[in-house]
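For reference, the structure is listed below as structure tokens.
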Amino acid sequence: EHAAVEAEAAAEAPANEEPAAAAAAAANGEVAVEEEATAEDGEGLIELAEGETLPVVDEAGNTLGTLHADGRVLDDEGQEIGMLDEEGNVVLFEQQAAEEPQLSAAEEEAEQLMRQAAVAWNVQHNKDAAEKFQRKALEAVTAKPGLARPEIIAEVASSLADMLYASDKLVDAKGALQVALDAAEAGGQHALFIKLSNNMGAVLRKQELHEEGRQLHQKAMDIAMQHFGVAHATTTLARGNLVDALDQLGDRDAARQLLTESIEAVKKVRLEK
């Protein structure tokens with residue numbers, strides 16, 4: 001019930017893009033190969049015979065290195081600067097690193113404290129110490145506005161809430177989750193807000209705060225419909241939580257009506273496709 005927040009995976013562009021699409025591939029941290037790659041079973045993977053090479057170019061046509069049959073990308077001096085990943089995309093190490101946003105000082109401090117909390121919780125089985133480290137991590141990113149990105153604040157706060165929930169400290173868990181929800185909403189992290197509302201729902205259900213849970217899940221459902229549409233998996237999560245909240249309140253007619261209307265809406269979307 002108290003699901004952990006997951007980060008969403010970013011889509012990657014194929015490595016054998018035509019020159020006109022090379023800029024899009026580069027924007028994803030990938031680099032075009034000058035010639036079309038050999039496709040096998042429709043996968044579009046690059047295949048090179050032993051000793052064969054292909055130049056790796058950027059969107060402007062500048063040669064960045066050479067792809068070798070073993071999947072390595074070497075520069076003119078023979079230094080390894082990239083590789084061919086499992087999807088058949090050429091990825092340069094510097095570009096890959098550039099995609100990762102730099103952590104602020106507060107975010108770095110929180111990351112270190114969270115590592116210590118994880119060791120205390122999972123290795124030392126010292127829940128009190130783990131909670132202290134995690135609380136310090138949250139303090140590090142919330143001491144004043146602007147110290148950390150909203151998604152980082154949400155991550156730190158929700159991790160603390162997980163610990164508190166597991167220790168049956170429901171009031172504190174609710175407080176930590178509210179911090180996470182507020183951060184996600186302020187940062188426009190709609191999918192994250194809905195996933196966190198699922199966690200908050202578990203806390204409210206244990207506290208028998210069913211009307212508060214209904215209001216939260218109605219808000220999450222409204223956000224999901226606005227930003228993802230009726231047939232999206234994130235909307236399915238929000239809908240399920242709202243149906244459960246209505247059921248907890250004894251309003252089964254409303255729960256049944258919501259499900260019926262949603263099924264019809266989803267069918268309509270699929271027919272239109």
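The values are calculated or read from the model by the stated rules, or taken from the named source; none is laboratory data. Treat the numbers as computed from the prediction; the structure is a model and nothing was measured. Every residue, glycine among them, receives a Cβ derived from its backbone with ideal geometry; neighbour counts consider all protein chains shown. Protein only, heavy atoms only, side chains kept; ligands, DNA and RNA dropped before computing areas. Shrake-Rupley method; radii C 1.70, N 1.55, O 1.52, S 1.80 Å.
Listed by first and then second residue, the pairs linking a residue in the range 194-214 that is closer than 11 Å to residue 158 by Cβ to a residue that is surrounded by 19 or more Cβ atoms within 10 Å (Cβ to Cβ) and β-branched (Val, Ile, Thr), with Cβ atoms under 7 Å apart and 6 or more places separating them unless they lie on different chains, are 195/5; 196/5.
Among all residues of the range 94-102, there is at least one that is exposed (fewer than 14 other Cβ atoms within 10 Å of the Cβ), within 30 Å of residue 149 (Cα to Cα), modelled with pLDDT under 80 and in contact with a strand residue (DSSP E or B) (Cβ under 8 Å, 6 or more places away or on another chain).
Residues of the range 106-129 that are touching a Ser or Thr at 6+ places or on another chain (Cβ under 8 Å) and open to solvent by 70 Å² or more (accessible area, probe 1.4 Å): 127 alone.
Screening 212, 208, 264 for residues that are open to solvent by 50 Å² or more (accessible area, probe 1.4 Å), more than 21 Å from residue 170 (Cβ to Cβ) and not hydrophobic (A, V, I, L, M, F, W, C) leaves exactly one candidate, 264. When residue 246 is tested against the conditions (1) open to solvent by less than 30 Å² (accessible area, probe 1.4 Å); (2) of a type in the set (A, V, I, L, M); (3) within 19 Å of the chain's Cα centre (by Cα), the lone failure is (3). Among (1) over 24 Å from residue 121 (Cβ atoms); (2) in contact with a Lys or Arg (Cβ under 9 Å, 6 or more places away or on another chain); (3) in contact (Cβ under 8 Å) with a residue 24 or more places away in the chain, where does residue 223 come up short? Going through (1) over 24 Å from residue 121 (Cβ atoms); (2) in contact with a Lys or Arg (Cβ under 9 Å, 6 or more places away or on another chain); (3) in contact (Cβ under 8 Å) with a residue 24 or more places away in the chain one by one, residue 223 breaks only (2).
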